[in-house]
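K.L.:
Below: one structure in structure tokens.
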Amino acid sequence: MLLEMAESELMHKNFYTVCRAGFADDVVFIRQTDDRPDIYYSDLHAQSGRIANHLTELGLTKGDRVMVQVEKSPQNLFWYFACLRAGLIYLPLNTAYLEHEIEYFVSDAEPSLILCDPQKQPLIDNFASCPVHTLDDQGCYSKELPTQTDFKDIECADDDIAAILYTSGTTGKPKGALITHANLLANSRSLSDAWQWQKEDVMLHALPVFHVHGLFVATHLPVINGSTIILLSKFKPDEVIRYLPESTVYMGVPTNYVRLLANPGFNQQACKNMRLFTSGSAPLLVQTFDEFQNRTSHTIVERYGMTETGMNTSNPIDGERKPGAVGKPLAGVEVRILDDDDNPVTDASPGNLQVRGKNVFKGYWRLPEKTAEEFTEDGFFRTGDIASLDQDGYIAIMGRDKDLIISGGLNIYPKEIEAVIDKIPGVLESAVIGLPHPDFGEAVTAIVVAEENRKDLTESSIISQLKSQIAGFKVAKQVHFVNELPRNTMGKVQKNILREKLNPQ
């Protein structure tokens, strides 16, 4: 369903205000999967209003940051929409982040309020200079909310920041991508159109809500169209299969589909009412695409997006969905592929992918030079991805010109892991790469040069130290020891040689 609203009406509108025009109070917003009653859109509006009033009473004003690291729950989403309504900047963090990672985000973003799980409050209190409140996985908040539910949404211009999502950077330090209200609206409208969203659709939501895929795509499309969400706390194959017959749309990462296909209960009968399956956040193997089609008689719609841009391209609903391709540009998104000399690639050869449109972010938080570097003079964003364009206009992502690893749909930058490994006594240097993995897409793999006779340095000892310092999804699954790292004439580590040696084709 398209959101029917003239362009002039969208100017200076809060994204939530636009969503509000698309939903009815008496429609179920979240269908609960336990004994608790369903949550209606009237509840979303009332509870987000209470939280918005609370945030205002705390003294937060438009543009202040609210950092959130809590488990997925309906109340988590209430907080997100409350921040939008109050003109505050919502800053979600992966729940797996550990102390020194969280401390970096706090020092960089300077939030005015932090919302975390109760068990993390003592830790965060040690370095936070702002109030730290808690919200547990049952939705219990540490403070008392006001009873007042009415709240006048704060007026927001197109380029006002709605959220900051941190993404990996070339220095190893994550950068905060500034996502505007206009970015959210542009992507929601184009995807609603491209995927022929219907008000009656039921979204089966098993993704985390701390990144673009789960928070913006899988949540915004139902809300802007007033549709129902079946909200699962996390991805569990048995649970997904249980609720598929009650759903029409499911969005997953390739790892989810691999695990569903490994479950004998995943079959045509389970998918009989489904209208749409989409995949993103990492490349989908052709083998998985084909096996899924054979098992279910459904064809996955693969699409392509980034933290900085939201969704850029998608395979079509009506038309061929090509395995190994991410489809054509969405409405309002311009795409071009250039060679290393910035000349257009005229055949199907790979080149540097650049995008432009209202979906593209405003820039990086407090990094104006980095922002300028990533944009061309005519306003295209340099994605860092290598892509090709076939004769039918379909785009295929061939690889990345950066060392980013995507494991289980999550972005991992090697430099951060290398910095931790290099500090381990006895380690001379290290290199971290991603190697193909049938479940995760890519597995984090560390290559280590150690001092002579350091028998205490083993694969298990290094993995153990990584587990104590970084989020679990970043921890190396394998550690290889070598006498030296391969380098080019400029001294740069040749990670391509390491990949070829450890993953010979």
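The values are calculated or read from the model by the stated rules, or taken from the named source; none is laboratory data. Please read these numbers as outputs of a predicted model, since none were measured by experiment. We place every Cβ from the backbone using ideal geometry, glycine too, and count neighbours over all the protein chains shown. In case anyone asks, the SASA skips ligands and DNA or RNA and just uses the protein heavy atoms, side chains included. Shrake-Rupley method; radii C 1.70, N 1.55, O 1.52, S 1.80 Å.
K.L.:
Yes or no: E320 more than 21 Å from I405 (Cβ to Cβ), touching a residue at least 24 places away in the same chain (Cβ under 8 Å), out of contact with any strand residue (DSSP E or B) (no Cβ under 6 Å at 6 or more places or on another chain) and open to solvent by 10 Å² or more (accessible area, probe 1.4 Å)?
P.N.:
Yes: the conditions hold for E320.
K.L.:
Just give me the residues in region 425-438 being among the hydrophobic types (A, V, I, L, M, F, W, C) and under 31 Å from the mean Cα position of the chain (by Cα), in sequence order.
P.N.:
Matches in region 425-438: A431, V432, I433, L435.
K.L.:
Among the numbered criteria (1) open to solvent by less than 20 Å² (accessible area, probe 1.4 Å); (2) part of a loop (DSSP other than H, G, I, E, B), which one does L115 miss?
P.N.:
(2)
K.L.:
Within region 419-450, count every residue that is within 27 Å of F235 (Cα to Cα) and surrounded by 15 or more Cβ atoms within 10 Å (Cβ to Cβ).
P.N.:
10
Per-residue answers, yes or no, for (1) free of Cβ contacts under 8 Å to residues at least 12 places away in the same chain; (2) surrounded by 10 or more Cβ atoms within 10 Å (Cβ to Cβ); (3) in contact with a helix residue (DSSP H, G or I) (Cβ under 6 Å, 6 or more places away or on another chain); (4) of a type in the set (A, V, I, L, M, F, W, C):
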{"residue": "E452", "(1), (2), (3), (4)": "yes, no, no, no"}
{"residue": "S460", "(1), (2), (3), (4)": "yes, no, no, no"}
{"residue": "K467", "(1), (2), (3), (4)": "yes, yes, no, no"}
{"residue": "A471", "(1), (2), (3), (4)": "no, yes, no, yes"}
{"residue": "Q478", "(1), (2), (3), (4)": "no, yes, no, no"}
{"residue": "F481", "(1), (2), (3), (4)": "no, yes, no, yes"}
{"residue": "Q494", "(1), (2), (3), (4)": "yes, yes, no, no"}
{"residue": "I497", "(1), (2), (3), (4)": "yes, yes, no, yes"}
{"residue": "L502", "(1), (2), (3), (4)": "no, yes, no, yes"}
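K.L.:
Residues that are of a type in the set (K, R): find the strands (runs of 3 or more DSSP E) completely inside region 136-233 holding 1 or more of those.
P.N.:
175-180
K.L.:
Another question about this same structure. Would you pick out the residues in region 351-408 that are among the acidic types (D, E) and open to solvent by 30 Å² or more (accessible area, probe 1.4 Å)?
P.N.:
E369, E373, E377, D378, D390, D392, D401, D403
K.L.:
Identify all residues within region 75-116 that are touching a Leu at 6+ places or on another chain (Cβ under 6 Å) and farther than 28 Å from F151 by Cβ; write none if there are none.
P.N.:
E99 - this is the single residue of region 75-116 that is touching a Leu at 6+ places or on another chain (Cβ under 6 Å) and farther than 28 Å from F151 by Cβ.
K.L.:
Separate question: Does E144 qualify as being under 20 Å from the mean Cα position of the chain (by Cα) and either modelled with pLDDT of 95 or more or crowded, with 17+ Cβ neighbours inside 10 Å (or both)?
P.N.:
No: the conditions fail for E144.
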